[in-house]
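The values are calculated or read from the model by the stated rules, or taken from the named source; none is laboratory data. All figures in this text were calculated on a predicted structure; none of them were measured in a lab. Methodologically, a virtual Cβ is constructed for each residue, glycine included, from the backbone with ideal geometry; neighbour enumeration extends over all protein chains shown. For the accessible areas, the whole protein counts, side chains as well, though only heavy atoms, and no ligand, DNA or RNA atoms are used. Shrake-Rupley method; radii C 1.70, N 1.55, O 1.52, S 1.80 Å.
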Amino acid sequence: MKTIICNWKMNPGSVEEVDKIIDIIAGNTNSVGRAELIILPPSIYISHLQEQQSQLFASLGVQDISSQASGAYTGQLSAEMIYNLGLQYALIGHSETHKYQQYTSQDISQKLNQALMHNLIPILCVGYEENPNSDEVNTDSIKRELYDIITPNKELLSGKHIIVAYEPIWAIGTGKIPSLESIETMSIFIKRMILDILTPESQTTVAVVYGGSVNKDNIQELSSIPSVSGFLIGGASLDREQIPILLG
Ligand code: PGA
């Protein structure tokens with residue numbers, strides 16, 4: 001079963017709009033689930049979605065967490081708060097947060113540390129260092145990103161599950177996707193690289209999902225890639241016509 005992660009970003013603009021999306025999702029999921037669904041809404045809608053969770057058959061998470069445990073960090077949300085609210089997932093290092101908040105690899109590594117310390121399942125995005133103007137896949141930049149972020153969290157990852165979202169920056173919101181072969185190569189590379197950094201005894205489980213311009217027209221062919229466990233979907237996950245096909 002594929003995992004569908006819906007990244008709503010800074011959308012939609014009202015609770016009424018959220019309810020319209022919930023109605024469509026609820027009409028297309030059930031307890032036996034064709035896909036495992038994770039929704040990452042703007043945090044302000046979390047409690048509203050939690051009230052509807054039983055009809056959604058979805059898990060919930062946040063789009064970012066603080067690299068700090070607590071304290072004077074205006075506007076930020078801690079991993080502890082998210083966990084205590086009953087959420088399971090935290091998206092970490094999305095390229096839009098790199099772009100607009102200028103996060104460094106050290107910040108991302110500390111966010112991963114906070115997520116793991118508080119039992120959130122991290123959804124770690126990689127691919128933001130790829131050349132935004134070239135659709136070539138680049139194992140060197142992914143290697144650097146993973147090394148800097150995973151290495152300091154080696155011990156904490158022991159026995160945990162991590163989802164890595166391979167999102168080449170040039171594919172996000174552009175309508176362009178890499179070839180199926182290169183997504184397959186990169187997802188195998190990412191999994192192997194993480195398991196190489198960790199010790200064999202760590203028993204960490206790694207799932208790789210693909211993100212960047214996934215939509216109703218390409219999800220079927222993308223689903224044929226064996227090493228990809230699912231998709232991180234932005235724009236299309238808010239489109240009421242596309243949701244039934246994405247969940248199909
Ligand atoms: P997109 O966004 O599906 O709109 O390209 C993906 C993402 O940013 O996670």
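Where helices (runs of 4 or more DSSP H) fall wholly inside segment 3-70, the ranges with 3 or more residues that are open to solvent by 50 Å² or more (accessible area, probe 1.4 Å) and either farther than 21 Å from Pro244 by Cβ or within 16 Å of the ligand (Cβ to nearest atom) (or both) are 46-51. Filtering segment 66-87 for residues that are among the charged types (D, E, K, R) and closer than 22 Å to Val15 by Cβ leaves an empty set.
Name the residues in segment 214-233 that are touching a helix residue (DSSP H, G or I) at 6+ places or on another chain (Cβ under 9 Å) and surrounded by 15 or more Cβ atoms within 10 Å (Cβ to Cβ), would you? Listed by number, the residues that qualify are Val214, Asn215, Lys216, Ile219, Leu222, Ile225, Ser227, Val228, Ser229, Phe231, Ile233.
Taking (1) of a type in the set (Val, Ile, Thr); (2) more than 16 Å from the ligand (Cβ to nearest atom); (3) within 19 Å of Trp8 (Cα to Cα) in turn, Ile245 satisfies each apart from (2).
From the list Thr151, Thr174, Thr97, the lone residue that is free of Cβ contacts under 8 Å to residues at least 60 places away in the same chain, open to solvent by 10 Å² or more (accessible area, probe 1.4 Å), part of a loop (DSSP other than H, G, I, E, B) and at negative phi is Thr174. Number of residues in segment 177-222 that are away from the ligand (no atom under 15 Å from the Cβ) and not in a helix (DSSP H, G or I): the value is 8.
Taken over segment 177-208, the residue count meeting the criterion of being among the β-branched types (Val, Ile, Thr), surrounded by 15 or more Cβ atoms within 10 Å (Cβ to Cβ) and over 19 Å from Lys143 (Cβ atoms) is 1. Just one of the numbered conditions (1) assigned to a loop (DSSP other than H, G, I, E, B); (2) within 20 Å of Leu238 (Cβ to Cβ); (3) at pLDDT 95 or above; (4) open to solvent by 70 Å² or more (accessible area, probe 1.4 Å) is not true of Tyr73: (2). Does Ser109 meet the test of being among the polar types (S, T, N, Q) and within 16 Å of the ligand (Cβ to nearest atom)? So Ser109 fails the test.
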